[in-house]
Amino acid sequence: MALRLGAIIEALGGDLQGDPGLSIERLAPLATAGGDAIAFLSHPKYQKELAASGAACVIVAPAMHDAAAARGAFIETPDPYLYFARLTQLWKKVHARPETARIHPSAVIDPEAVVDPSARIGALCVIERGARIGADTVLKSRVTVSEDCIIGARCLLHPGVVIGADGFGLAPHEGAWVKIEQLGAVRIGDDVEIGANTCIDRGALGDTVIEDGVKLDNLIQIGHNVRIGKHTAMAGCTAVAGSATIGAHCTFGGRAGVLGHLTIADHVNISSTSLVTRSIHKPGLYTGVFPIDDNATWEKNAATLKQLHSLRERLKALEKMTMQDKKS
Amino acid sequence: MALRLGAIIEALGGDLQGDPGLSIERLAPLATAGGDAIAFLSHPKYQKELAASGAACVIVAPAMHDAAAARGAFIETPDPYLYFARLTQLWKKVHARPETARIHPSAVIDPEAVVDPSARIGALCVIERGARIGADTVLKSRVTVSEDCIIGARCLLHPGVVIGADGFGLAPHEGAWVKIEQLGAVRIGDDVEIGANTCIDRGALGDTVIEDGVKLDNLIQIGHNVRIGKHTAMAGCTAVAGSATIGAHCTFGGRAGVLGHLTIADHVNISSTSLVTRSIHKPGLYTGVFPIDDNATWEKNAATLKQLHSLRERLKALEKMTMQDKKS
Amino acid sequence: MALRLGAIIEALGGDLQGDPGLSIERLAPLATAGGDAIAFLSHPKYQKELAASGAACVIVAPAMHDAAAARGAFIETPDPYLYFARLTQLWKKVHARPETARIHPSAVIDPEAVVDPSARIGALCVIERGARIGADTVLKSRVTVSEDCIIGARCLLHPGVVIGADGFGLAPHEGAWVKIEQLGAVRIGDDVEIGANTCIDRGALGDTVIEDGVKLDNLIQIGHNVRIGKHTAMAGCTAVAGSATIGAHCTFGGRAGVLGHLTIADHVNISSTSLVTRSIHKPGLYTGVFPIDDNATWEKNAATLKQLHSLRERLKALEKMTMQDKKS
């Protein structure tokens, strides 16, 4: 099922230089695209790949006009990456196979749950009593939405997602743990995407809140009472401990962590694997990762690290001694 | 469905100063509680919040008697946090909606599994041949308990839990891996809680053992042959490699790790994200985390870290030189 | 159901010194094996355990011949660990209970999916349109294989596995995220094992590829467009970001991480928890982990670490000063 360049322009706009009748068979990366494919140039640093690319058509920014023209057909647009994103959506829509039932017959939906008639519930999902699923929201297979949890409109939940398991609340008593029942729920806004096997716990007293436009990758853990602000994105395996409050427009690299009860401002970027151990009040990029090295070098440096404080003391002593020598 | 203060005292004890007829509509945090809510003061450092709180009633320790009395109704009890935990349990019990079937009809239970008649098995659970589920244990939706695995009494397993997948056992042979079949099972004691999408692997020869009262949060990985002692608690995303033996009454912060075949004593506390790389024989708090910083500072420090051992050597040389100068 | 030593030798080879009629009731670790058990000695360092072992029979390498003979019955074989692995397979086969249906009736298999007649699909699995499952492959319970994903022959997928959820592809636009539809799929080779709740995302344009003989433990995240070479093994909770290319015969300790778009050569070993932040072109063992310590010591060292770069500058200044003193 090919798509002509003219049809792409008609749907998405952009300024085409080339034959609108040209037939596109696939979307491909610039480096490997063949004569049946459309590709895009996201960054000027790939300009060399542009010249070498065999793509039928390339999506470029105005600054690349001349380089693209020297090569063949192209679509000019202010933000090629965004254009490409919309092209994937167009491609998926055009190639969509006929959908079957909106509610898969194997899904287990409590009679006291409310599912918008436009929502789509996949095979073997569980939607418990009091849960609500908004308009045009899609639950892929094997998603659990627990009692009283609310999912907004146009959300996409991937297989294995668990919304509203109990938060981890325990009071110590005579060497054992007494459970704190988790009386809150989870409230998820509109346009939220949640990756496979990700878990969002219900609140202890109030609700755990995921605001509009948040994007969570796979295998993420969100503790009870957490609030994540609008349009924040977290890559896979990130973990946020209970009662953390995270701002809007933040990004988290994969495997990042946030301790409980912290506050993170808007527009904060946390590098992969870093653990946030204190509240962050200023936008910016923050990192805390032990640099990888060949194992022998790491062993020497890691062993020395355990004496780092005493090294500093020795340095201090030496400085003092040298200064005294200078004076005397 | 409100609860009068008198009914709370009747169920949980404690010394009420105030009107037993006062109606409580909700449980709330001290800082946000309104005139229809009961709250608790866990620590004297929140005393300022106590004075400012609009709660109808506050649960406090005897040391807070005067401060609480100055404000309004209160319940005095030696351990307010424990009292609060029990109050959440009372609240949940009073507000429980009528339960439906003990065994959800969509659950897949092997005829050779043994499920106590008082256990509750949620939608789309799988209980395989030879598995046993104890009295009053609850499996929420989509839990798998594999062949021959045993779950004790009063356990709570959250959605997506996998008990008894194969441990990761491989013998190298001519550049490929030969599977070591995992012939053991998993044995879980009484009063164990296991969070969403957590996995506990079956043993290679013997069993993986989780003792009474252990509490595991979400997305935790427990390798084969591991033993976890009584009342140990692990926060989300912790991973324990095969054949580790962990004592009783330990706590693990989220994202902690334990290498294989290690032994950890009773009453050991591991900080979030730390990797235990050697056996720990003494109780105490242990930590190993790279401190987070703004990215530019981290880059400078991380780069220097790779020369740490040689810095030490340079410091040593300088010390020697300075000492010689002193002598001469 | 016991197995005579003679039957073991008949099935697996090896040189038996002892009574072939001896009945083996179980496989056990050397240290705890009783008179009804067979055990193995993987490494000469356990020779003391060999002498003390009560095992009915021990599997040893030729170098251990004398030590084993001094104790009782033994099987001599060049690679005892490999022999043991095969013995677990024999044991499982002999003790296998009669299998029920190849396709569990609760599995949801799209009519446009292709499942080899010799494959085995467990309870509550979901196999979507266009997916293909190869010969003798086993899906345990609650596995999802999404649209158009391909699983080879003799694979084993544990409960909760999700193959082919969308990769995490987003284009920023006016403070929000525009979804990049994931148009590729996942292709998994032969003899691949995938642990419980592990996720492998579909590619953005091309496919995510897992080559023959790869072994993945539980709760692993494989991002879109990743390629993992033959016979690479990854322990639990490892995370590989999008478009990373990982060589053959690599090993990853648990909780390891790989940033996106990196390349890792064949025969690279990554230690547990380490984050790979740059491409690795040479075989070898690589590590990057903050050493764990008692918390008080860690606090001092971690605090000093934040001044590490300035310590180096101070050391440099001191060196210069001392050298000048020498000269003058």
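Per-residue answers, yes or no, for (1) among the aliphatic types (A, V, I, L, M); (2) out of contact with any Cys (no Cβ under 8 Å at 6 or more places or on another chain):
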residue: A:53; (1), (2): no, yes
residue: A:66; (1), (2): no, yes
residue: A:95; (1), (2): no, yes
residue: A:106; (1), (2): no, yes
residue: A:109; (1), (2): yes, no
residue: A:114; (1), (2): yes, yes
residue: A:117; (1), (2): no, yes
| task | Scan the range B:216-260 for residues that are within 12 Å of chain A (Cβ to nearest Cβ), β-branched (Val, Ile, Thr) and within 22 Å of residue A:236 (Cβ to Cβ) and jot them down. | result | B:220, B:238
| task | Please work out if residue C:164 is crowded, with 21+ Cβ neighbours inside 10 Å, within 12 Å of chain A (Cβ to nearest Cβ) and not in a loop (DSSP other than H, G, I, E, B). | result | yes
| message | Between B:141, B:146, which is crowded, with 24+ Cβ neighbours inside 10 Å and touching a Ser or Thr at 6+ places or on another chain (Cβ under 7 Å)? | response | B:141
| query | Looking only at residues in the range A:247-271 that are part of a strand (DSSP E or B) and farther than 28 Å from residue C:162 by Cα, which one is farthest from the chain's Cα centre (by Cα)? | reply | A:263
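I need the full set of residues from the range B:167-178 which are more than 7 Å from chain C (Cβ to nearest Cβ) and free of Cβ contacts under 8 Å to residues at least 24 places away in the same chain, in order please. Full working, then the answer.
Quick first cut of the range B:167-178, residues more than 7 Å from chain C (Cβ to nearest Cβ) only: B:167, B:169, B:172, B:174.
Listed by number, the residues that qualify are B:172, B:174.
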| Matching residues, the range A:277-287, being away from chain C (no Cβ under 11 Å), in a strand (DSSP E or B) and hydroxyl-bearing (Ser, Thr, Tyr) | A:286
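Given the residues C:261, C:309, C:281, which is the only one that is closer than 30 Å to residue B:296 by Cβ and not assigned by TED's automatic domain parsing to the domain that holds residue C:143?
Values: C:261 fails: not assigned by TED's automatic domain parsing to the domain that holds residue C:143; C:281 fails: not assigned by TED's automatic domain parsing to the domain that holds residue C:143.
Just one listed residue meets the conditions, C:309.
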| task | With the checklist (1) surrounded by fewer than 22 Cβ atoms within 10 Å (Cβ to Cβ); (2) more than 19 Å from residue C:8 (Cα to Cα) in hand, flag the one item residue C:53 doesn't pass. | result | (1)
| said: Being at the interface with chain B (Cβ under 9 Å from one of its Cβ atoms) and small (Gly, Ala, Ser) is the filter here; which residues of the range A:261-276 pass it? | reply: A:271, A:274
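Can you confirm whether the range C:69-84 contains a residue that is touching a residue at least 60 places away in the same chain (Cβ under 8 Å), within 14 Å of chain B (Cβ to nearest Cβ), closer than 30 Å to residue C:120 by Cβ and not in a strand (DSSP E or B)? Break it down stepwise before answering.
Quick first cut of the range C:69-84, residues touching a residue at least 60 places away in the same chain (Cβ under 8 Å) only: C:73, C:75-77, C:83.
Then drop every residue that is not within 14 Å of chain B (Cβ to nearest Cβ), which leaves C:77, C:83.
Keeping just the survivors that are closer than 30 Å to residue C:120 by Cβ gives C:83.
Still in the list and also not in a strand (DSSP E or B): C:83.
The answer is yes; a qualifying residue exists.
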| message | So for the range B:215-225 (the condition being touching a Phe, Trp or Tyr at 6+ places or on another chain (Cβ under 8 Å), surrounded by fewer than 24 Cβ atoms within 10 Å (Cβ to Cβ), at pLDDT 95 or above and not in a strand (DSSP E or B)), does at least one residue qualify? | response | no
| task | Might you check whether a residue that is more than 8 Å from every other protein chain (Cβ to nearest Cβ) and among the basic types (Lys, Arg) occurs anywhere in the range C:317-325? | result | yes
| said: So in the range C:56-87, with the set limited to residues that are under 28 Å from the mean Cα position of the chain (by Cα) and small (Gly, Ala, Ser), which one is surrounded by the most Cβ atoms within 10 Å (Cβ to Cβ)? | reply: C:85
| Boolean, residue C:191 is touching a residue at least 60 places away in the same chain (Cβ under 8 Å) and outside any strand (DSSP E or B) | no
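Scanning the range B:1-35 for residues that are of a type in the set (D, E, K, R) and touching a residue at least 24 places away in the same chain (Cβ under 8 Å), which turns out surrounded by the fewest Cβ atoms within 10 Å (Cβ to Cβ)?
Restricting attention to the range B:1-35, the residues satisfying the condition of being of a type in the set (D, E, K, R) are B:4, B:10, B:15, B:19, B:25-26.
Filter once more, keeping what is touching a residue at least 24 places away in the same chain (Cβ under 8 Å): B:15, B:19.
Working: B:15: 11, B:19: 14.
Result: B:15.
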| query | Would it be correct to say that residue B:242 is closer than 18 Å to residue C:218 by Cα, crowded, with 21+ Cβ neighbours inside 10 Å and either at pLDDT below 95 or touching a His at 6+ places or on another chain (Cβ under 9 Å) (or both)? | reply | yes
| remark: Selection over the range A:307-328 where residues are part of a helix (DSSP H, G or I) and of a type in the set (S, T, N, Q) yields a count of 3
| query | Considering only residues of the range B:179-203 that are more than 8 Å from chain C (Cβ to nearest Cβ) and among the β-branched types (Val, Ile, Thr), which is nearest to residue A:222 (Cα to Cα)? | reply | B:198
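Which is surrounded by fewer than 20 Cβ atoms within 10 Å (Cβ to Cβ), at the interface with chain B (Cβ under 9 Å from one of its Cβ atoms) and within 24 Å of residue A:225 (Cα to Cα), of A:154, A:129?
Details: A:154 fails: at the interface with chain B (Cβ under 9 Å from one of its Cβ atoms).
Exactly one of A:154, A:129 is surrounded by fewer than 20 Cβ atoms within 10 Å (Cβ to Cβ), at the interface with chain B (Cβ under 9 Å from one of its Cβ atoms) and within 24 Å of residue A:225 (Cα to Cα), namely A:129.
Within the range C:85-120, restricting attention to residues that are among the hydroxyl-bearing types (Ser, Thr, Tyr) and in a loop (DSSP other than H, G, I, E, B), which residue is nearest to the other protein chains (Cβ to nearest Cβ)?
Here is the first cut: in the range C:85-120, the ones among the hydroxyl-bearing types (Ser, Thr, Tyr) are C:88, C:100, C:106, C:118.
Cutting the leftovers down to in a loop (DSSP other than H, G, I, E, B) gives us C:100, C:106, C:118.
Numbers: C:100: 9, C:106: 5, C:118: 18 Å.
Per the stated criteria, the residue is C:106.
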| Which of the residues that make up the range B:307-316 are under 40 Å from the mean Cα position of the chain (by Cα) and either within 9 Å of chain C (Cβ to nearest Cβ) or over 27 Å from residue A:320 (Cα atoms) (or both)? | B:307, B:308
| said: Quick check on the range A:288-306. Is at least one of its residues away from chain C (no Cβ under 12 Å) and in a loop (DSSP other than H, G, I, E, B)? | reply: no
| task | Within the range A:6-31, track down each residue that is touching a Leu at 6+ places or on another chain (Cβ under 9 Å) and over 19 Å from residue C:181 (Cα atoms). | result | A:6, A:16, A:18, A:19, A:20, A:21, A:22, A:23
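Just to check your reading of the model, which residue among B:171, B:123 is over 20 Å from residue B:231 (Cα atoms), assigned to a loop (DSSP other than H, G, I, E, B) and of a type in the set (A, V, I, L, M)?
Working: B:171 fails: assigned to a loop (DSSP other than H, G, I, E, B).
So the residue among B:171, B:123 that is over 20 Å from residue B:231 (Cα atoms), assigned to a loop (DSSP other than H, G, I, E, B) and of a type in the set (A, V, I, L, M) is B:123.
The values are calculated or read from the model by the stated rules, or taken from the named source; none is laboratory data. All values reported here derive from a predicted model rather than from experimental measurement. Please note: Cβ atoms are built from the backbone with ideal geometry, for glycine as well, and neighbour counts cover all protein chains shown.
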